[in-house]
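Below is one structure; the comments refer to it alone.
Any read-out appearing in this document is the output of simple, stated calculations on the displayed coordinates, not a laboratory observation. Small disclaimer: the values here were computed from a predicted structure and weren't measured. Here the Cβ is made from the backbone with ideal geometry for all residues, glycine too, and neighbour counts use every protein chain on show.
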Amino acid sequence: MDLKKLQAVIEAVLFTLGKQVEIKKLAEVAEVTEDEIEEAAKKLEERYGREESGVMLIRINNALQLCTKTEYYDQLIKVARAKKQYSLSDSALETLSIIAYKQPVTRLQIEHIRGVSCAHSIDKLLEYDLVQELGRLNAPGRPLLFGTTDEFLRSFGVKNLSDLPELNEERMEDFREEAEIEARKEMEERELMEGSAGSSPDNPIKVGI
C-alpha cells in the first residue's frame, strides 16, 4: 500500500475509535506489516509536529492514539464546559507510586509499606481510572491485585512502565525486602484466619504470644 494512503488509513481508524489501537491490529486492518505501520506512524508524527495541526500522534505501549495538542486545551474546555481534573492527596499519590513500582500488588501489601489504611486512596485511583484490578493473588483469601492503567501512562506522559524514573538501587532493594516480608505476612495472616474459622471447641487452636 502507498505510504500516504497508509497514513490516511491509520488516521481514519484512530479518529473513528477515539482510543489507542495496537500496532498489530492496525497492520491486520490495513493488510500490511507492522514495520510499514511504524514507518507511516513516523511520517504522521513528523507531519503533526511540523504543521499547525490541532492533533498529535502518541504511543502507549505497543499502540497508537490520536490526541489533541495540549496548547489547545483551553479552547476545548470552553466547548466541553467540564474540565477533567485529578485532585489527588499526598496519600493517594504515595499509594499510586507504590502500585506503579510494585504492581501487581495487593491492598494489604500497600498498607504494610505505608503503615496506614489505603482503601480510600485506592477507591479514588480506581475512580480516576489511574489503577485497575488485575485479578486475584493465588493465596488464601484470594486478595485483589492492583496495577496501573493506560490512563495513568497518558496522565504522567510516559509511553510504558519502563519509562518511569528509576529508583535508586538502595530504595529498590528496600522494595524487594518489603515485598518478601509483606508476602510472608499476608500468607501467614490468611492461613491463621482460615485455621481459626475451621477450629471447634473440641479442637481449639492455640496461639502462643
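Annotations
- In this structure, Glu133 does satisfy being assigned to a strand (DSSP E or B) and exposed (fewer than 13 other Cβ atoms within 10 Å of the Cβ).
- The listed residues are Glu31, Glu46, Glu36, Glu51, and the only one of them that is more than 25 Å from the chain's Cα centre (by Cα) and at positive phi turns out to be Glu31.
- Segment 9-28, residues that are exposed (fewer than 14 other Cβ atoms within 10 Å of the Cβ) and either in a helix (DSSP H, G or I) or over 25 Å from the mean Cα position of the chain (by Cα) (or both): Ala12, Phe15, Thr16, Leu17, Lys24, Glu28
- Leu134 meets the stated requirement of being farther than 14 Å from Leu96 by Cα and within 11 Å of the chain's Cα centre (by Cα).
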